Amino acid sequence: MVSSDLLDLTTLQNLVELDDGAHGLVSEMIGIFQDDTPRRIQAILQAIAQQDAEALSRAGHALKGGAGALGAKTLRTLGAELEQLGRGGSVDAGADLPVRLEAAFQASLAALESFVRDGEANRT
């Protein structure tokens, strides 16, 4: 069973319904998420290193959107927090941010992959 702490299962179920009960769309979106998210994380870390609050806000917004589209709610929340931080003119996200971002990304990715595996297994 997939953790609802990490994922918004309603969002994922809506994507499955758009795909007539299949998981192909979700699988394709996971592939994009897997490719894009490391770049989004790098943009966040670069904005912080450069003390660029505006860039942090934009990068946080992009992370929030990408994660939200797939229902990766923990990562979406983190992106929203970073977006707000940057909007407020700050880049002080804490020294543990790289670890928190990577952990949230990896946990979300594993949960999404589990969602697809479980869904496909239940379909057969």
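The values are calculated or read from the model by the stated rules, or taken from the named source; none is laboratory data. Note that the structure is a prediction, hence the values are computed from the model and not measured. Here the Cβ positions follow ideal geometry from the backbone for every residue, glycine too, while neighbour counts run over all protein chains shown. Keep in mind that these areas ignore ligands, DNA and RNA; they rest on the heavy atoms of the full protein, side chains included. Shrake-Rupley method; radii C 1.70, N 1.55, O 1.52, S 1.80 Å.
Once label points are set 7 Å from the Cα along Cα→Cβ at both residue 121 and residue 19, what is their separation, rounded to one decimal in nm?
A separation of 1.7 nm, rounded to one decimal place.
With every protein chain kept in place and ligands, DNA and RNA left out, what is the accessible area per residue of segment 1-41? Probe 1.4 Å, answer in Å². Before the final figure, lay out each step's value.
Working: 2370 Å² over 41 residues.
Here the per-residue accessible area is 58 Å².
For the chain, what is the calculated [θ] at 222 nm in deg cm²/dmol (nearest 500), taking -39500 (n - 2.57) for each run of four or more DSSP H residues and dividing by its residue count?
It comes out at -26000 deg cm²/dmol, rounded to the nearest 500.
Measure nothing but the geometry: give the 0 to 90° angle between the long axis through the Cα atoms of 24-49 and the longest principal axis through the Cα atoms of the chain, rounded to 10°.
Helix 24-49 sits at roughly 10 degrees to that axis.
Any chance you could check the Cα centroid distance between segment 60-111 and segment 8-59 for me, in angstrom?
For segment 60-111 versus segment 8-59, the Cα centre distance is 10 Å.
In degrees, nearest 10, range 0 to 90: what is the angle between the Cα axis of helix 73-87 and the longest Cα principal axis of the chain?
Helix 73-87 sits at roughly 20 degrees to that axis.
What number, in percent, do you get for the relative contact order of the chain if the mean sequence gap of Cα pairs under 8 Å and at least 6 apart is divided by its residue count?
Working: 153 pairs, mean separation 41.2, N = 124.
33 percent.
Give me the percent of the accessible area of the chain that comes from carbon and sulfur atoms, probe 1.4 Å, all protein chains in place. Before the final figure, lay out the partial values.
On the way: 3320 of 6570 Å².
C and S fraction of accessible area: 51 percent.
When the dipole is taken about the Cα centre of the chain, and only Lys, Arg (+1) and Asp, Glu (-1) are charged at their Cβ, what size is it in debye, to the nearest 20? Walk me through the numbers on the way to the answer.
Numbers: 10 positive and 18 negative charges, 44 e Å.
In debye, rounded to 20, the chain gives about 220.
Report the label-to-label distance for residue 113 and residue 81 in nanometres (one decimal), using points 7 Å from each Cα along the Cα→Cβ vector.
The two pseudo-label positions are separated by 2.5 nm.
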